[in-house]
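All of the numbers you see were taken from the coordinates with simple rules; none came from a lab. What you see is a predicted model, and the numbers here were worked out from it, not measured in a lab. Here Cβ is always computed from backbone atoms with ideal geometry, including for glycine, and neighbour counts include all displayed protein chains.
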Amino acid sequence: MTDTPASPMPDRDRASTPQASTVDPQARLVEAQARLVDVRGLARAVEEFATERDWTQFHTPKNLAMALTGELGELVEIFQWMSPEQSSRAGSDPETAQALRDELADVLIYLVRLAEVLGVDLDDAVRAKLARNALKYPADKVRGSHRKYDKL
């Protein structure tokens with residue numbers, strides 16, 4: 001399988017994005033980095049999987065969001081009655097590790113498929129969100145705090 005996207009998304013000049021005018025150094029660092037999220041191969045594989053089974057007809061945003069929510073619920077269920085310590089070890093615990101991998105994969109697959117169906121470039125979305133978060137949560141003001149930006 002080649003790495004050419006099925007529906008090519010042009011690489012954008014990051015310097016021309018609105019976030020480039022931010023003054024926050026962390027935001028500028030995020031903008032200057034290479035692609036953060038590259039799910040094009042996964043998006044193609046999921047599209048092929050769905051097409052081979054004639055399932056694309058069911059892949060509406062509503063259905064995909066609901067399926068994503070269901071899979072996220074299955075992931076959360078693994079942690080439901082664990083102590084914080086147990087949850088920290090869940091990825092290496094033989095009793096939970098495979099289930100975690102499976103549910104994380106399901107969540108990622110549905111998330112990527114939903115983004116693809118909606119035409120959302122996850123790399124652009126993540127970059128923009130990280131830049132906004134850097135402005136909302138300046139490190140010098142929030143370091144060590146769990147407070148939301150409007151409670152600082």
Local charge sum around LEU64 (other residues, Cβ-Cβ under 14 Å, Lys/Arg +1, Asp/Glu -1)? -2
Please report LEU108, LEU118, LEU130, LEU64 as a ranked list, fewest other C-beta atoms within 10 angstrom at the top and most at the bottom. LEU118, LEU108, LEU130, LEU64
